[in-house]
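**Student:** To start, I am sharing the structure in question, which I have written as structure tokens.
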Amino acid sequence: MMQKTPIAVLISGRGSNMRALIEACERPDFPARIVLVLSNKPDAAGLEVARAAGLQTAAIDHKAFGKDREAHERKVDAAIRASGAQLVCLAGYMRVLTPYLVNAWDGRMLNIHPSLLPAFPGLHTHEAAIAVGATEHGCTVHLVTAGVDEGPILGQARVPVLKSDTPDALAARVLEQEHALYPLVLQNYINRQ
């Protein structure tokens, strides 16, 4: 039987990319298994999805730590380490990380971002792509580094920007690509290790 790398998935919301990773990890030939789904929001809908899939979940509410981001991340890091995870996948985890967590998981933390980085880091990427008249948009999986959405790119998927696009319509097409790209890049990354 295949040795599967244990991974933790961090979410803040509905966890649609997490769901794509769950489905991939259920395949016998996929080189990862999810040992923890963690959210900074106790009411994140994705936690219920993870529980329904039989996965271990944790919620560590960032609000309880006030402005002490590192104290929150120390608790997050402890939970990840306790789970036995060897890689961390950010899947809609809406927190800008401090150097503490970034350095703790250097080279072992992946993120998916809804743009063709380096274009449109941060939030509201679909609105930005339409506003500048971009003809192409998409998503990027990258390693997490200290700079927001600046880490080495591991894979990208592209979609055309249509004249009729609204931010929501464009987001829906990009999200479909995210769900295909993230498991593929994770698989390739693990297989190269």
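**Student:** Just a yes or no: is a residue in region 48-56 surrounded by fewer than 22 Cβ atoms within 10 Å (Cβ to Cβ), β-branched (Val, Ile, Thr), farther than 30 Å from ASP168 by Cα and more than 15 Å from the chain's Cα centre (by Cα)? First the steps, then the outcome.
**Tutor:** Looking only at region 48-56, we keep the residues that are surrounded by fewer than 22 Cβ atoms within 10 Å (Cβ to Cβ), and these are 48-49, 51-56.
Checking which are β-branched (Val, Ile, Thr) leaves us with 49.
Among the residues that remain, those that are also farther than 30 Å from ASP168 by Cα are: none.
The answer is no; no qualifying residue exists.
**Student:** Please go through (1) buried (at least 23 other Cβ atoms within 10 Å of the Cβ); (2) out of contact with any strand residue (DSSP E or B) (no Cβ under 7 Å at 6 or more places or on another chain) for ARG74 and return the number of the only condition it doesn't satisfy.
**Tutor:** It fails just one condition, (1).
**Student:** Can you run down the residue pairs with Cβ atoms below 6 Å, 6 or more apart or on separate chains, where the first is in region 51-74 and farther than 22 Å from ILE34 by Cβ and aliphatic (A, V, I, L, M) and the partner is at pLDDT 95 or above and surrounded by 12 or more Cβ atoms within 10 Å (Cβ to Cβ)?
**Tutor:** From residues that are farther than 22 Å from ILE34 by Cβ and aliphatic (A, V, I, L, M), the pairs are ALA71/PHE65.
**Student:** Can you run down the residue pairs with Cβ atoms below 9 Å, 6 or more apart or on separate chains, where the first is in region 117-136 and farther than 14 Å from ALA169 by Cα and the partner is polar (S, T, N, Q) and part of a strand (DSSP E or B)?
**Tutor:** LEU117/THR140; LEU117/GLN156; PRO118/THR140
**Student:** Where residues in region 138-173 are touching a Gly at 6+ places or on another chain (Cβ under 7 Å) and not hydrophobic (A, V, I, L, M, F, W, C), which of them is surrounded by the most Cβ atoms within 10 Å (Cβ to Cβ)?
**Tutor:** Residues of region 138-173 that are touching a Gly at 6+ places or on another chain (Cβ under 7 Å), as a first pass: 141-145, 148-149, 156-159.
Now restrict to residues that are not hydrophobic (A, V, I, L, M, F, W, C): 142, 145, 149, 156, 158.
Details: HIS142: 22, THR145: 18, ASP149: 19, GLN156: 17, ARG158: 11.
Ranking the qualifying residues of region 138-173, first place goes to HIS142.
**Student:** Yes or no: LEU123 crowded, with 20+ Cβ neighbours inside 10 Å and closer than 22 Å to ALA44 by Cβ?
**Tutor:** Numbers: crowded, with 20+ Cβ neighbours inside 10 Å: no; closer than 22 Å to ALA44 by Cβ: yes.
Against the criterion (crowded, with 20+ Cβ neighbours inside 10 Å and closer than 22 Å to ALA44 by Cβ), LEU123 does not qualify.
**Student:** Testing ALA157 on (1) closer than 22 Å to LEU47 by Cα; (2) without any contact (Cβ under 8 Å) to a residue 60 or more places away in the chain; (3) assigned to a strand (DSSP E or B), one condition comes back false. Which one is that?
**Tutor:** Among (1) closer than 22 Å to LEU47 by Cα; (2) without any contact (Cβ under 8 Å) to a residue 60 or more places away in the chain; (3) assigned to a strand (DSSP E or B), the lone unmet condition for ALA157 is (1).
Let's see how each residue does on (1) modelled with pLDDT under 95; (2) acidic (Asp, Glu); (3) more than 13 Å from the chain's Cα centre (by Cα); (4) under 21 Å from ARG108 (Cβ atoms):
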| site | (1), (2), (3), (4) |
| --- | --- |
| ILE153 | no, no, yes, yes |
| GLN156 | no, no, yes, yes |
| SER164 | no, no, yes, no |
| LEU170 | no, no, yes, no |
| GLU176 | no, yes, yes, no |
| PRO183 | no, no, no, yes |
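The values are calculated or read from the model by the stated rules, or taken from the named source; none is laboratory data. What you see is a predicted model; the values in this text were computed from it and never measured. Please note: Cβ atoms are built from the backbone with ideal geometry, for glycine as well, and neighbour counts cover all protein chains shown.
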